[in-house]
Each structure stands twice: as structure tokens, then as C-alpha cells.
Amino acid sequence: MEEDIWNFLIVFKGGEMMKKKILVVDNHPVVLKFMTQLLEKEAHQVLTAEDGLSALEILKMYTPDVIFIDLIMPHIGGEKLCQIIRKIPALKEAYLIILSAIAAEQEIDYTSFGADACIAKGSLDKMAKHVLAALEQVDQKNGVLHPPKTIGIEDVYARNITTELLSVKKHFEVILNSMAEGILEITPEGKLVYANPKAISLINRTEDQLLSSDFANLFLESDRQRIKDPLMEIHRTSQPIAVNGPLTLNGKQVSLHLLPVMDEMQRSIIVILTDVSEKKRMEAQLIQAQKMEAIGTLAGGIAHDFNNLLMVIQGNVSLMLLDVNPAYPHFEMLRTIEKQVQSGSKLTSQLLGYARKGRYELRPIHLNQLVADTSEAFGRTRKNITIHRDLAGNLFACEADQGQIEQVLMNLFVNSADAMPEGGDLFLKTANVNFKEIKGRGYLPNPGDYILLTVTDTGVGMDSKTIDRIFDPFFTTKELGRGTGLGLASTYGIVKGHGGYIEVESEKGRGSTFKVYLPASGKPAQQTVRPSAPISKAIGTVLLVDDEEVILDVSEKVLKVLGYKVLVARSGAEAIEIFKKHQDSIDLVLLDIIMPHMGGGEVYDRLKEISPEVKVLLSSGYSIDGEASKIMARGCNGFIQKPFDIMQLSQSIRAILR
Amino acid sequence: MNLKELANRLEIGEEECLELLNLFIKTAASELRNLESALEKKDAPVVERMAHSIKGAAGILRLQEIHDAAKKIETAARTNRLEEIEVDLRIIKEKLEMIAEALKRRS
């Protein structure tokens, strides 16, 4: 009661030395208790906090006039706390007084971190006087300038040993400051209480923004549970935990290691932040390459089997068409089946292109001619697109499969045109470049000259997510049923298969540019001649070699229709045996490449040994890594891609036997 | 231990002094327990830190003997000479018990 009246009188008096709102921050309960006793006796309002972190919690709701701050505390020390407080607008004018036990050994430049005074800790009687003296200064703060001087040093017990302690602490600080990993300390509740310089730069916020903030909130909302769960786990088990799978932090990929640190005073968690952006980028590239490879193998296998199926259908349809009167309704139906087989065959050839397994006929070609022809044909189908050609006059030749390059061009044109549904401009440019000019890419081009084909459209463009997947098979941005997702995938495969490179640059709403680099060839380009001859009765004997019964069956019938006498071999070994017996009467061997036990390549070599004059036409659903071209390089006479129709087979055989 | 004399030297009231000593005993006892278990594990840094804390509190309460003993323990622990601290540890324990006894008699 008495005290209340006394308080009242002081307030009522309206003097300057008024009741103050005070916060005391110190980690020793005895100090807190003493300060509370002392200051409450002077009628001040006092709150206390045991460390910097809880002080900041209190300061969210409480705006003191004076704050006493212990210098060395767990969970945000005095120096940091002062700096943070000075950034809080409401506390700009608060009077900050450092309570320090180390002031005696170390000169503390407390003004550098924003404090107004410093009191050396000593016995309570001395400290009481200094605290009260310091409070008197508060009211004169704006008037007299006090030289920064620690009060009460002369009263402090000599503590020379602390100097050593401090130098050890400094040494650890130096180590932490020079770590390549970000090091954070967080409380079990997830509040940040320490961040080393690397962590600060990784997170890219200032230290005072970081300290006392919630650790999980540094991360994307979608990642936060992945942080909170291990924190709970660590709370339970006290075992270190690594957060696997990168987390996004300030646009970087980071991995986390959480280490529980427990001493008698406090539990906290040390977080080691490692920037794994570069590592993840390389991993992603590797995975992408492996994915393309795996899908390529799969696609190639499917295409091969599919071509064999189509071959059987095609052959039978061809045979039936020969027997059916064109006036009969079944004739048209058979023609429809034949057309569908051709569409199916185009799909598989796209797949093979992607799988890089369709490459079989490399010849030096003129890219300019091909670009001109293909784009002209294409232009006729898309009237609302204006094509601009800028073709280099002295363009190098390149060794390529003409059919496949046509496919590449078509795919690129169609892709561009689809990006310009309302019409637009398509710019085609060819140029000679040296590998040294292909710089700053994710790959290192092989040395040599290249032909660069640039296809630029003025279409809708793509975002980076689409660009990342643009060459994935079955990825399409077109509505269901319109795109197969194979066009650009096969383009990619074909270009790679030719030892070239393809790049895409695009931005949403800004059109797209595809750049295709093909290795230049020293050989002069050849003009292409497309054979065409009508079916007519042929004479001769063909040795038909294939391991699949249905293929043998239909091929035999087709050959017989064409007029050939047919010998059939169901394996490589059988083929060699038959050839030995009948080599004089056999005019041509129609040889499958992929067979169990002995493949087409080996059969070819054995036949050549028996008779160097043997004529061989290879046939395949595909050729493994240019297996067909290898055999062709050894002098083989020709290649025919399954599925073939009666006309194609007739022409291919005639071209060899001519 | 004379409470009145100590309160006078600290220039605080007897009740206040009693309160502070109670708090000190409680804190120091727990710090002492930590110190002893750290000693068993030969964890010198923890021994050092505990001694440092006891020393600080004893210093502000003018408990000179505890302060000096704690200081010796702190120095020994820093140089990892844990075998030297036994005597000082016993001094601290005895003094703390004495204070505790005195406080019990008061209440």
C-alpha cells in the first residue's frame, strides 16, 4: 500500500526522472532477480529475458525505454541483440545498456553495435550504484555527450583468465567465418540464433533479418513440411539427420544436415547448408542423357518389332491387291489398309529416328537444295506462313541420310507452323561455322567445320519448362490427338546420329529459334536419283533369309508373284548351307540383319568368302547403331527398310540385278 | 554464514538477499551436477563453462571462497588438468551446503 502511494507520487510529480519501462536480458537467474529487485524498488516496470531470442519475443509486445543486455548469452548474444534492436523502428530511441563480465579484460566498443552505455559486472553493491547512475544518464541522453566509457571497471574482480577464453572464442569465429558451408544454429522450436557469413550469403538476407526468424520459413511453402518433420524427429531421437532431395533456397538448390547439439545449458540444432545447385544441374543432365538413351533403346526395339508386323500386313495386302479386281469393294478396303500401314511405318521411322537406329545411307548432300525443296513443298501446305530463305552460297556439303534430314526439316517446319496458328514468318538460314564458334554450350563440339541451319519462327514461343522437355519423346504441347510427341524427339535423335547438335532458344511470346549443327564433309555432294520402274515379271532365284516364319511366308509369296524362284533359309547357318549347294543358281540373297545365333553381318561375310560375286540385299526393321551401314561399307549391294511393299522390293532387286 | 552481514555488504535488504541466495543455491546445485557428470565423461569444456558460471554468480554475491574455488576449477579445466579440481570441487560443495543449511534455518 505504502509503495503504491509512493509510485503514485512519483508519477504525479510529473518530473523527468519518471517510472521507466525496462527489460533486463541476462542468462543468470541471480542477475535477473537482483535487477528486478533493484529496479522495482525504484518503481520501474521490469520484465526479464534469459537470452536474446526470448528478449526478441518479448519486444514484439513490449516497448521498453531502457534495456539492460548481458554480452555473452546463448541464443543470440548481446552484440547481435543490440544490432537487431536498433533496426526495430519503435526501439530506435531505447537506451541500451550492456552488462558485461568481460569488460575488464577487453575493451568493448559498445557504440559500434548501437549500445549507449556499458556496465562491468561486479558485486551487487557496486553494480547497483552503476545501474542507477546509468539510468540517470538516460534522461540526459539528448543533452550531454558522454565519451564511451565502461562504468565500474575499477570495481571488477580481476579475471585475466577470461582473456584466454575470449581468444579461443575468436579463433572459432574465424573458422566459422571461413567455412565453405553455411552454418546455422537453431533452437528446437526452429528459431534462428546464429548464421555464419556463408549461410547469410546463401540465404541472401541480412543477419538481423535472419536472427530470431523461423528457420522453416526461409524455404518454399511446399518444402516446409520436409524441414519440420526432421526437426520433430531430431527432437525425439537426438540423432543427426540429413534432409535428402534438394530444397530450394533463394533460387539455389541446397542440402541440409541437421546435427543436434545438447549441452547442460541448452539444446540446439546445428544446420549445415551446402549449395548443391551445380551438382544437381549435372546430375539432371546425366539423368536426362540416360533417360534419352533408355527411351531410345525401348523405342528402337518397339519400332523394329512393329516394322516386322507391318511387313507381314503390307506383304499380304500387296498380294491380295494383285488378285482383286479394282472394281470389287474389297479393293478399296485393301488400299485403305495399305495407307494405314504406310502411316504406321512413318510413325515407326520417327521412333527409329529418335532411337538413332534408322541411319543407313550416308551420302554427301547439299543441305541448301534440301532446305529449298522441302520448304517449298511445305509452303504449299501452309499458305498463311511466309518463308524467308537466307542460304549461304558456298555451303559445305554434309554426309547425311537424305530421307532423315528431310524428316528433320519437315519436323522443324511443322513445329514452327504449329506455333503460328494465325500465320507468321519462318526464317531459314544456312551458314558455315567452325566448331570454335559453337561456344558456351552445355556440350563440347567435336573439332571441325559444321553447317549451321537456323529455323526461326514468330510464333507463341515456349517457357523454360517446355524447352527442358521439348526433345523428350511423347512430350507434346498440342492438344490430344494432334501431336505424337515424336517429331522433335526424332529430330533430336537424327541430328545426334549424324554427329551433330541441336539447340533451341525461345521465350514465351517471342517466337523460337532452332539451331542445327551438322558436321561438314569434304566430299562433293551427289545428286539423288530416285529409281522408278514398273513391276514386270522378273527371272532369277532369290535366297530368302529370315528367322521369322510370317515374314518368310509373305516375302516368299511376294517374290514368287514378282516372278522369282525362291529358296528359303530360317537361320544364318541354313542360309550358308543352301548357298554352298546352290550358289551357281542364286542371283540374289535377301538377308535379314537381326537374327539369333548368326546375324546378317556374319552371314554376309561368310557368303562373300564362298563367292565374292554374291549379290546381297539387306532388309531390316532397323539397323543397330549403323549395323546396316557397316555391312554396306563392306560392299553390300543394297538395303531395304521394312515394311516394304511389292513395288519397293521389285525396284530394289532390279537396281542390284540390272 | 551471517546473512545479515552479507546483506549489508551487498547493500540490500535481508529478505532480498535471502531470495538471491536461494536462487543461487538452486542454480549452482544444478550447475554442479552438470559439472560432475561432465567430469566423469572427461568433458573439460563443459566443466570449464559450469565453473565459469558458478564463479560469476558467486562474484556478484561476494561469496569469495566459492568464487576463488570455481576460478581455480575453470583454469584447470581450460588446460585439461581435470585431476586437479577435486579439492576445489569439495570446497564449493561444502560452502553451498553451509549456505543451504543457513537458509533452511532461516525459513
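Just checking, does segment A:237-246 include any residue being without any contact (Cβ under 8 Å) to a residue 12 or more places away in the chain and either outside the structural domain of residue A:53 (by TED's automatic domain parsing) or surrounded by 13 or more Cβ atoms within 10 Å (Cβ to Cβ) (or both)? Checking segment A:237-246: at least one residue is without any contact (Cβ under 8 Å) to a residue 12 or more places away in the chain and either outside the structural domain of residue A:53 (by TED's automatic domain parsing) or surrounded by 13 or more Cβ atoms within 10 Å (Cβ to Cβ) (or both).
Taken over segment B:40-72, the residue count meeting the criterion of being surrounded by 23 or more Cβ atoms within 10 Å (Cβ to Cβ) and away from chain A (no Cβ under 11 Å) is 3. Across segment B:1-16, the qualifying residues are those that are surrounded by 18 or more Cβ atoms within 10 Å (Cβ to Cβ) and more than 9 Å from chain A (Cβ to nearest Cβ), and the one among them that is nearest to the chain's Cα centre (by Cα) is B:6. Look at segment A:378-389: where a residue is within 17 Å of residue A:455 (Cα to Cα) and a partner is among the basic types (Lys, Arg) and surrounded by 14 or more Cβ atoms within 10 Å (Cβ to Cβ), sitting 6+ places away or on another chain with Cβ atoms under 8 Å, you get A:389/A:429. Among the residues of segment B:74-107, those identified as assigned to a helix (DSSP H, G or I) and within 11 Å of another protein chain (Cβ to nearest Cβ) are B:74, B:75, B:76, B:77, B:78. Listed residues A:591, A:567; which is in the same structural domain as residue A:643 (by TED's automatic domain parsing) and under 18 Å from residue A:655 (Cβ atoms)? After ruling out the rest, the residue left standing is A:591.
Restricted to segment B:73-98, and to residues there that are under 10 Å from the mean Cα position of the chain (by Cα) and among the aliphatic types (A, V, I, L, M), the residue that is surrounded by the fewest Cβ atoms within 10 Å (Cβ to Cβ) is B:91. From the list A:349, A:343, the lone residue that is touching a strand residue (DSSP E or B) at 6+ places or on another chain (Cβ under 8 Å) and outside the structural domain of residue A:429 (by TED's automatic domain parsing) is A:349.
Of all the numbered requirements in (1) assigned by TED's automatic domain parsing to the domain that holds residue A:247; (2) among the charged types (D, E, K, R); (3) in a helix (DSSP H, G or I); (4) surrounded by fewer than 16 Cβ atoms within 10 Å (Cβ to Cβ), residue A:173 misses one, and that requirement is (1). Screening the candidates A:40, A:57 for the property of being assigned to a helix (DSSP H, G or I), under 26 Å from residue A:196 (Cβ atoms) and of a type in the set (Asp, Glu) yields one hit, A:57. Looking at segment A:628-646, is at least one residue under 39 Å from the mean Cα position of the chain (by Cα), assigned to a helix (DSSP H, G or I) and surrounded by fewer than 24 Cβ atoms within 10 Å (Cβ to Cβ)? Yes, because at least one residue in segment A:628-646 is under 39 Å from the mean Cα position of the chain (by Cα), assigned to a helix (DSSP H, G or I) and surrounded by fewer than 24 Cβ atoms within 10 Å (Cβ to Cβ). Of all residues in segment A:74-96, exactly one satisfies the criterion of being modelled with pLDDT of 80 or more and either touching a Cys at 6+ places or on another chain (Cβ under 7 Å) or within 14 Å of chain B (Cβ to nearest Cβ) (or both), namely A:96. Taken over segment A:41-51, the criterion of being among the acidic types (Asp, Glu) and away from chain B (no Cβ under 12 Å) is satisfied by A:42, A:51. Between a residue in segment A:26-40 that is under 21 Å from residue A:76 (Cβ atoms) and more than 8 Å from every other protein chain (Cβ to nearest Cβ) and any residue that is among the aliphatic types (A, V, I, L, M) and assigned to a helix (DSSP H, G or I), which pairs come within a Cβ distance under 6 Å, given they are 6 or more apart or on different chains? Partner pairs satisfying both residue conditions: A:26/A:32. Of the helices (runs of 4 or more DSSP H) lying entirely inside segment A:190-303, those containing at least 2 residues that are at pLDDT 85 or above and among the aliphatic types (A, V, I, L, M) span A:197-203, A:224-237. Could you tell me whether segment A:100-114 includes any residue that is modelled with pLDDT of 85 or more, away from chain B (no Cβ under 14 Å) and either over 22 Å from residue A:132 (Cα atoms) or outside any loop (DSSP other than H, G, I, E, B) (or both)? Within segment A:100-114 (the criterion being modelled with pLDDT of 85 or more, away from chain B (no Cβ under 14 Å) and either over 22 Å from residue A:132 (Cα atoms) or outside any loop (DSSP other than H, G, I, E, B) (or both)), the answer is no, since none of the residues qualifies.
Residues are listed down the side, and each one gets a yes or a no for (1) crowded, with 20+ Cβ neighbours inside 10 Å; (2) in the same structural domain as residue A:89 (by TED's automatic domain parsing); (3) farther than 30 Å from residue A:493 by Cα:
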site: A:199; (1), (2), (3): yes, no, yes
site: A:207; (1), (2), (3): no, no, yes
site: A:211; (1), (2), (3): yes, no, yes
site: A:218; (1), (2), (3): yes, no, yes
site: A:222; (1), (2), (3): no, no, yes
site: A:251; (1), (2), (3): no, no, yes
site: A:256; (1), (2), (3): yes, no, yes
site: A:267; (1), (2), (3): no, no, yes
site: A:296; (1), (2), (3): yes, no, no
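The values are calculated or read from the model by the stated rules, or taken from the named source; none is laboratory data. Fair warning: this is a prediction, and the values are worked out from it, not measured in the lab. Virtual Cβ from ideal backbone geometry, glycine too; neighbours counted across all protein chains shown.
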